[in-house]
Amino acid sequence: MDGGEELKSVGEREKFPVGIIGGTGGMGRWFARFFSEEGYPVLVSGRKEGPDLPEMTEKCPVIIVSVPIGVTCEVIRKVGPLMKADSLLMDLTSLKEEPVRAMLEASVSEVLGLHPLFGPGEPSMAGQNIVLCPARGDQWLSWVRELLKKNGACLVEATPQRHDQIMAFVQAGNHLHTILMGLILQEAGLEPAILECFSTPVLRTKMGLIRKVISQPALYAEIITRNPEIVRMASLFEGKIAELVEATEKRSAEELTKLMEKIPAAL
Ligand SMILES: NC(=O)c1ccc[n+]([C@@H]2O[C@H](COP(=O)([O-])OP(=O)(O)OC[C@H]3O[C@@H](n4cnc5c(N)ncnc54)[C@H](OP(=O)(O)O)[C@@H]3O)[C@@H](O)[C@H]2O)c1
């Protein structure tokens with residue numbers, strides 16, 4: 001970058017290339033389209049296509065990692081040492097503690113953890129929540145904040161640890177519950193044709209959630225099992241199911257009502 005460019009804030013510079021590792025997959029492709037529509041040239045790579053890491057980091061001052069959770073830190077450790085100090089390394093991973101730590105350890109660049117709380121099926125980020133975990137530097141942070149805000153995203157900032165704690169409920173607990181419903185459905189042995197005729201609107205909503213989760217089993221399994229708080233969440237799950245089972249085995253509507261009354265009404 002020449003001296004003139006350095007004096008400008010990153011948002012005022014000529015549109016620079018954005019590199020997305022995993023840009024051939026669901027979220028990577030979504031963000032490739034987003035940056036492209038914002039006028040930024042985008043370079044994407046997958047396992048078998050696109051530029052290699054040295055070429056991508058040479059050309060792109062912004063690198064985004066959007067690969068499956070299980071290989072994220074490995075990819076970060078490869079790309080991190082190639083990053084320049086005045087560039088940005090960012091990830092889209094659904095968990096933040098491990099990837100953000102890996103980005104800080106592997107690079108000297110600015111580092112930002114980002115978690116879009118929506119999937120690649122959404123048409124735009126307008127009205128969608130996005131979590132930012134600022135980790136190193138603030139030049140690029142301002143650019144990202146402005147760009148996302150301009151497109152209507154609802155931004156919230158958190159430490160990676162706090163993010164993962166909250167995701168233990170928002171994702172791990174929530175998806176575990178969906179999987180539980182799917183497993184119960186399978187045991188119940190009700191055929192799809194029967195369910196179609198006998199389902200209520202609430203059940204149809206639940207079935208949609210089950211279909212979504214089982215369509216990407218590896219993603220959801222990693223989101224659940226890699227959450228640092230998962231053991232606490234699993235034991236909470238077990239304890240609450242046991243309380244429900246006890247009340248229903250006793251056929252005690254009173255006990256079941258009491259359990260429901262513990263839930264804050266202002267949800
Ligand atoms: N999907 C969602 O709803 C969602 C929402 C928010 C955040 N996220 C996060 O976004 C990230 C990507 O998820 P996704 O659902 O987009 O996954 P995906 O559709 O499976 O895409 C994964 C991408 O990573 C590439 N890839 C796989 N293994 C790789 C490796 N070893 N080295 C380099 N590239 C590799 C794939 O390339 P090829 O297949 O072309 O080789 C593909 O481009 C994850 O961290 C996830 O937690 C996902």
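Coordinate-derived values only; no laboratory data. Just so you know, these numbers come straight off a predicted model, no measurement behind them. Don't worry about glycine lacking a Cβ; one is built from the backbone with ideal geometry, like all the others, and counts go over all protein chains shown.
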The lone exception for residue 8 - which of (1) among the basic types (Lys, Arg); (2) without any contact (Cβ under 8 Å) to a residue 24 or more places away in the chain; (3) under 27 Å from residue 224 (Cβ atoms) it fails | (3)
Where residues in the stretch 93-103 are hydrophobic (A, V, I, L, M, F, W, C) and away from the ligand (no atom under 12 Å from the Cβ), which of them is nearest to the chain's Cα centre (by Cα)?
-> 100
Just checking, which of 75, 62 is closer than 30 Å to residue 166 by Cβ, touching a helix residue (DSSP H, G or I) at 6+ places or on another chain (Cβ under 9 Å) and more than 11 Å from the ligand (Cβ to nearest atom)?
-> 62
Taking the residues in the stretch 220-239 that are surrounded by 13 or more Cβ atoms within 10 Å (Cβ to Cβ) and closer than 18 Å to residue 184 by Cβ as candidates, determine which candidate is farthest from the ligand (Cβ to nearest atom).
-> 237
Could you tell me which of the residues 81, 123 is farther than 26 Å from residue 230 by Cβ and free of Cβ contacts under 8 Å to residues at least 12 places away in the same chain?
-> 123
In the stretch 29-88, what residues are among the aliphatic types (A, V, I, L, M) and in a helix (DSSP H, G or I)?
-> 32, 53, 56, 69, 71, 75, 76, 79, 82
Note on the stretch 133-157: residues free of Cβ contacts under 8 Å to residues at least 60 places away in the same chain and not in a helix (DSSP H, G or I) are 133, 134, 135, 136, 137, 138, 152, 153, 154, 155, 156, 157
Go through the stretch 22-53 and count every residue that is in contact with a helix residue (DSSP H, G or I) (Cβ under 6 Å, 6 or more places away or on another chain) and within 11 Å of the ligand (Cβ to nearest atom).
-> 4
Got a sec? Which of 191, 97, 110 is surrounded by fewer than 18 Cβ atoms within 10 Å (Cβ to Cβ) and either over 20 Å from residue 38 (Cα atoms) or not hydroxyl-bearing (Ser, Thr, Tyr) (or both)?
-> 191
Verdict on residue 90 being of a type outside the set (Asp, Glu), buried (at least 22 other Cβ atoms within 10 Å of the Cβ), under 21 Å from the mean Cα position of the chain (by Cα) and on the phi < 0 side of the Ramachandran plot = yes
Test set (1) within 30 Å of residue 169 (Cα to Cα); (2) touching a residue at least 60 places away in the same chain (Cβ under 8 Å) - residue 74 fails condition number = (2)
